[in-house]
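Taking it in order: structure first as structure tokens, then the write-up.
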Amino acid sequence: MSPATKTKFKNPRARYNFQGRTCSISGVGSYLPSKVLTNGDLEKMVDTSDEWITSRTGIKERRLAAQDEFTSDLATQAALKAMTNAGITAEQIDLIIIATITPDMPFPSTACLVQRKIGAVRAAAFDIEAACSGFIFGLEIAQQFIMSRTYDTVLVVGAEKLSSIVDWTDRNTCVLFGDGAGAAVLQNRPEAHGLLTAVMGSDGQKSDLLFMPGGGSRCPATAESVSSRMHYLRMEGKETFKNAVQAMQTAAEEALHRCEIDISRIKCIIPHQANRRIIDAVCERLGAKPEQLFVNLHKYGNTSAASVAIALDEAVQSGQVQRGDLILMIVFGAGLTWGAAVIEW
Ligand SMILES: CC(C)(COP(=O)(O)OP(=O)(O)OC[C@H]1O[C@@H](n2cnc3c(N)ncnc32)[C@H](O)[C@@H]1OP(=O)(O)O)[C@@H](O)C(=O)NCCC(=O)NCCS
């Protein structure tokens with residue numbers, strides 16, 4: 001760590017006389033299934049138009065996993081790329097955290113299925129469920145284990161096969177979502193500050209804005225639950241929109257405040273890729289410049305827990321983010337949940 005780097009910002013942990021290790025992302029990777037579903041394709045499925053979808057959301061197309069391709073397969077492909085980029089072997093991984101709302105099955109965890117597929121024989125593995133906020137929640141959990149010296153190497157993956165829970169007859173929701181996965185390997189890198197802070201928040205009072213009623217203990221699968229379409233996601237679009245803008249702004253401001261930096265210090269803002277209008281509204285409220293933003297939702301739609309993980313990988317691979325740059329990630333999702341993280345790349 002150079003002296004110049006040290007004075008760039010306040011490390012929020014310093015205020016607690018922090019004795020642990022810092023936690024950095026040493027490699028990222030992503031995987032998108034090859035099948036593309038365009039707005040034009042959706043025009044043939046429901047009463048919608050490319051013009052409506054583009055102007056209301058910014059989405060032009062999304063990816064769909066094959067019938068025999070599951071969340072653990074998407075996660076495995078992203079994880080293998082992140083491991084290669086980090087220069088680690090499967091045996092080095094101490095912990096696997098998969099953030100998803102579309103696990104292969106209720107149990108065992110998708111993390112255990114990924115562990116088997118990549119051969120991470122030493123790792124503990126579990127899933128977390130924080131909907132679209134899951135990747136940042138996962139980074140924060142990983143950070144706690146690394147800072148405390150419990151583990152050296154943690155694999156965090158956001159992966160979704162949302163096409164399996166989207167009601168393809170509901171134009172209000174089916175145009176928004178897609179499949180994909182993004183992964184990060186977290187380790188201590190003494191030369192970098194790494195993950196400076198991660199803000200997390202939740203409001204269960206608003207759990208009915210975005211949810212899937214069927215498939216859990218409250219409403220197990222029955223012929224009736226299937227015929228009444230309980231196994232598809234449901235959403236109050238307008239209220240979700242309003243809450244997303246407010247929560248993302250608040251979380252981002254809290255993260256910046258903790259680091260005592262202004263938004264102008266951020267090289268790249270990576271917001272949850274749900275809706276271009278949400279992203280623009282948050283950006284405006286934060287006083288950010290459009291060139292600070294990384295946006296890929298026109299290609300993939302909303303991939304929930306995978307969204308910011310895929311975007312981070314693409315921002316890095318495209319050269320928009322260089323080592324030493326500051327990144328601000330901002331998320332929002334069902335629960336409600338939200339979060340923001342400041343990372344020195
Ligand atoms: C869903 C969303 C795009 C709808 O945009 P909106 O501007 O709020 O649109 P409205 O809800 O006012 O709907 C306007 C009309 O378009 C119609 N409409 C909805 N989906 C449509 C579609 N795909 N094609 C054409 N018309 C559509 C509605 O039925 C409504 O018609 P009505 O006025 O006759 O009832 C927007 O609310 C949104 O993005 N919300 C947040 C969703 C989100 O991010 N969820 C994930 C959070 S992690």
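The values are calculated or read from the model by the stated rules, or taken from the named source; none is laboratory data. None of these values were measured; they are calculated from a predicted model. With ideal geometry, Cβ positions are generated from the backbone for all residues, glycine too; neighbour counts draw on all protein chains shown. Just so you know, the surface numbers come from the protein's heavy atoms only, side chains and all, with ligands and any DNA or RNA stripped out. Shrake-Rupley method; radii C 1.70, N 1.55, O 1.52, S 1.80 Å.
A few points about this structure:
- For Gly27, the residues whose amide H sits under 5 Å from its own are Val185, ignoring neighbours fewer than 5 places away on the same chain, with H placed 1.01 Å from N.
- Residues with amide H under 5 Å from that of Leu293, placed H, sequence gap 5 or more: Ile269
- In terms of accessible area, using a 1.4 Å probe and ignoring ligands and nucleic acids, Met45, Met248 rank largest first as Met45, Met248.
- The candidates Arg189, Arg229, Arg171, arranged from most to least accessible area with a 1.4 Å probe in the full protein assembly, appear as Arg171, Arg229, Arg189.
- Charge dipole (Cα centre; +1 on Lys/Arg Cβ, -1 on Asp/Glu Cβ; no other charges) of the chain amounts to roughly 820 debye.
- Within-15-Å neighbourhood charge of Ala124 [Cβ basis; K, R +1; D, E -1]: -2
- Vicinal HN-Hα couplings computed from phi for segment 54-59 (Karplus, 6.51 cos²θ - 1.76 cosθ + 1.60; Hz; Gly/Pro x): 5, 6, 8, 10, x, 7
- Note on Ala66 and His257: the extension gain reaches 64.4 nm, defined as 0.36 nm multiplied by sequence separation minus the Cα-Cα distance.
- For segment 204-345: rounded, prolate or oblate by the Cα gyration tensor [a/c cutoff 1.5]: prolate
- Sulfur and carbon atoms: percent of accessible area, the chain [1.4 Å]: 52 percent
- Highest average first, the peptides 282-290, 252-260 ordered by how many other beta carbon atoms sit within 10 Å of their residues are 252-260, 282-290.
- Cα gyration tensor shape for segment 284-327, rounded if a/c is under 1.5, else prolate or oblate: oblate
- For Lys8, a cut-off of 16 angstrom between C-alpha atoms picks up these lysines, skipping any fewer than 8 places away in its own chain: Lys267.
- Pairs from Lys117/Lys161; Lys35/Lys289; Lys81/Lys299; Lys35/Lys206 whose Cα-Cα separation, in the structure shown, is over 24 Å: Lys35/Lys289; Lys35/Lys206
- Both radii are taken from the alpha-carbon atoms of segment 196-275; with Rh as the Kirkwood radius, Rg/Rh is 1.15.
- Accessible surface, 1.4 Å probe, highest first, among residues Glu61, Glu91: Glu91, Glu61
- The accessible area of Val36, taken with all protein chains in place and a 1.4 Å probe, comes to roughly 60 Å².
- Helical content of the chain, expressed as a calculated mean residue ellipticity at 222 nm, amounts to -9500 deg cm²/dmol (DSSP H runs of 4 or more residues, -39,500 (n - 2.57) each, divided by residue number, nearest 500).
- For segment 184-197, the Karplus equation 6.51 cos²θ - 1.76 cosθ + 1.60, evaluated at θ = phi - 60°, returns couplings of 9, 9, 10, 8, 7, 10, x, 7, 9, 6, x, 6, 6, 7 Hz by residue, with Gly and Pro reported as x.
- Couplings 3J(HN,Hα) for segment 28-39, derived from phi with the Karplus relation 6.51 cos²θ - 1.76 cosθ + 1.60 (θ = phi - 60°), are 10, x, 8, 9, 10, x, 7, 6, 9, 10, 8, 4 Hz, where x marks Gly and Pro.
- Inverse mean reciprocal Cα-Cα distance (Kirkwood Rh) of the chain, Å: 20.1 Å
- Neighbour net charge for Thr337 - beta-carbon separation under 13 angstrom, K R +1, D E -1: -2
- FRET E, pair Arg229, Lys117, Förster distance 35 Å, beta-carbon r, rounded to 0.05: 0.65
- Relative contact order %, the chain, counting alpha carbon pairs below 8 Å whose residues are six or more apart: 25 percent
- Whole-number accessible area per residue in Å² for segment 147-242, which is evaluated in the context of all protein chains at 1.4 Å: 47 Å²
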